1. I'd like the full set of residues that are under 18 Å from Thr53 (Cβ atoms) and touching a residue at least 24 places away in the same chain (Cβ under 8 Å), limited to the stretch 19-32.
2. Considering only residues that are touching a residue at least 24 places away in the same chain (Cβ under 8 Å) and outside any helix (DSSP H, G or I), look in the stretch 33-55 and name the one that is surrounded by the most Cβ atoms within 10 Å (Cβ to Cβ).
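What follows is calculated from the coordinates using simple rules that are stated; it is not laboratory data. All of these numbers come straight from a predicted model, not from anything done at the bench. Because the Cβ atoms are built from the backbone with ideal geometry, glycine has one as well, and the counts that use them run over all protein chains shown.
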Amino acid sequence: MEIKADTTVCIGAGMCALTAPQVFDQSEDEGTVVLLQKVPPQELEEAARRAVTLCPSGAISIV
């Protein structure tokens, strides 16, 4: 599983960071998504998938 994040689409809702904080964070300056793990370990895949589903702007996706 590989994750892609598009900061130009991100609206800073923070659902990703709340749902999978080991995989996503938010920029302190802009509040947009920061991808901590492009390829999360298997034990974090479920949370990462849930975060992708919950993202209101579609800024994160699974490649």
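1. Correct list: Thr19, Ala20, Gln22, Val23, Phe24.
2. Among those that are touching a residue at least 24 places away in the same chain (Cβ under 8 Å) and outside any helix (DSSP H, G or I), it is Val33.
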